[in-house]
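Reviewing the structure listed below.
Readers should treat all values here as calculations from the given coordinates under stated rules, not as data from a laboratory. Nothing here was measured: the structure is a model prediction, and the numbers come from that model. Because the Cβ atoms are built from the backbone with ideal geometry, glycine has one as well, and the counts that use them run over all protein chains shown.
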């Protein structure tokens, strides 16, 4: 490669880099970032099982665990009485898993195992074969395997104990084998429906326009604020490539709705970047009242003089007189004025200048919303 060819290569790489940079910077997100395909979803599975091999940290004398173990033993032709079963090394558990879309029989998924009874720890245990069922009651997977438990629980003879993390919950990576697939309308439906993660008429319209500008007018039609109907290829073998093409279509930057989120428990306040406040005056101050109780005790009694001139004092019940001292301390009233429509940085700066605490900030924002000056949706969680 000579110098001219090298120079041409460098120039081409620079042009390509800036083209990609400008393309990415011009669009904030893709369709796959704001929407998903209807019907392409995971399904929750749940099951009941037994964990064996515990070192004395199982359920102990619990009839539920004993009955479950007797049921398992009976499958092997062995009959056992409940009195003959000791469940200190066995624990009854619930098993949960998530069945991903399009997964096929024979593939494996992760499962989470949680103690159902008074077991102290599942560490070192093995889950016996258990069926995982869906909401329709059908078995979709079978779980079995050794548990990986991150917690630790120990106890002493004097009743003292030490628990680190959660020893009664464990995982089995790839611990369940899928036995049944869930049918989806992805390959059979006439149209492809895109559901927005957060309903918004503006975003739905922009998604529809972006698809139509790439694939032709009339391909995408917004149904409502959440869904967009897209005409899909008739050939099922083309739908994967078609969906991939739609997901990668870039969208123009969308300004989200003006919102102020307030967490009433922690005092956290999140103000959106497009929140505005119209002209308003805010006065903020604190009044502190202090009451100091100092009761006054007055002794009582009688004084008598005997015949020989001796003075005798006879004590009586003391009289307590309440004495209260009330002090009121009011901080100087602090005020600030919004003379025009202001943006987020000016709102934060004005409130910080008066040294408002999170609780004060919440009160100010609620008052501004009640006065109609806060042009945003106020959400308290």
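In what order do 103, 255 fall by count of nearby beta-carbon atoms within 10 Å, going from fewest to most?
Values: 103 18, 255 9.
Going from least to most buried by this count: 255, 103.
So how much slack lies between residue 42 and residue 281, counting 0.36 nm per residue of separation and subtracting their Cα-Cα distance, in nm? Could you put the intermediate results ahead of the total?
Values: separation 239, 0.36 × 239 = 86.04 nm, distance 5.15 nm.
Stretched fully, the residue 42-residue 281 segment lengthens by 80.9 nm.
How would you order 198-206, 92-100, 142-150 from highest to lowest mean count of nearby Cβ atoms within 10 Å?
Details: 198-206: 15.7, 92-100: 19.7, 142-150: 17.6.
The packing order, highest mean first, is 92-100, 142-150, 198-206.
Cα gyration tensor of the stretch 43-178, axes a ≥ b ≥ c as square roots of the eigenvalues: rounded (a/c below 1.5), prolate (a/b > b/c) or oblate? Intermediate results must be reported in sequence, preceding the final value.
On the way: a/c = 2.51, a/b = 1.34, b/c = 1.87.
Because a/c hits 1.5 or more and a/b fails to exceed b/c, the stretch 43-178 counts as oblate.
Given contacts defined as C-alpha pairs under 8 Å and at least six residues apart, what's the relative contact order of the stretch 43-178, whole-number percent? It would help to have the intermediate numbers written out before the result.
Details: 345 pairs, mean separation 39.0, N = 136.
It comes to 29 percent, rounded to a whole number.
Measure off 7 Å from each Cα along the Cα-to-Cβ vector at residue 83 and residue 180, then give the distance between these two points in nanometres to one decimal.
Taking the simple label geometry, residue 83 and residue 180 are separated by 4.1 nm.
When only C-alpha pairs under 8 Å and at least 6 residues apart count, what is the relative contact order of the stretch 185-251, in percent? Don't skip to the end; give the middle numbers.
Details: 82 pairs, mean separation 24.9, N = 67.
Answer for the stretch 185-251 is 37 percent.
Calculate the FRET efficiency for residue 98 and residue 363 from the Cβ-Cβ distance with a Förster distance of 41 Å, rounded to the nearest 0.05. It would help to have the intermediate numbers written out before the result.
Working: r = 43 Å, r/R0 = 1.04.
According to the calculation, E is roughly 0.45.
Need one number: nm distance between label points at residue 225 and residue 375, each 7 Å from Cα along Cα→Cβ, rounded to one decimal.
2.0
In nm, to one decimal, how far is the residue 300 label point from the residue 71 one, both placed 7 Å along Cα→Cβ?
7.8
Quick check: residue separation of residue 268 and residue 235 times 0.36 nm, minus the Cα distance between them. What number comes out in nm?
Working: separation 33, 0.36 × 33 = 11.88 nm, distance 5.16 nm.
So the extension gain works out to 6.7 nm.
So for 31, 379, 271, fewest C-beta neighbours within 10 Å to most, what's the order?
Numbers: 31 23, 379 11, 271 19.
Ordered from fewest to most neighbouring Cβ atoms within 10 Å, 31, 379, 271 come out as 379, 271, 31.
Using Cα pairs closer than 8 Å and at least 6 residues apart in sequence, work out the relative contact order for the stretch 67-112, in percent. Kindly include the intermediate steps, with their values, before the conclusion.
Working: 21 pairs, mean separation 12.6, N = 46.
It comes to 27 percent, rounded to a whole number.
Would you kindly work out the equivalent ellipsoid of the stretch 185-251 from its C-alpha gyration tensor and give its semi-axes, the square roots of five times the eigenvalues, largest first in whole Å? Spell out each step's value before the answer.
Working: eigenvalues 74, 34, 21 Å².
After diagonalising the Cα gyration tensor, the semi-axes are 19, 13, 10 Å.
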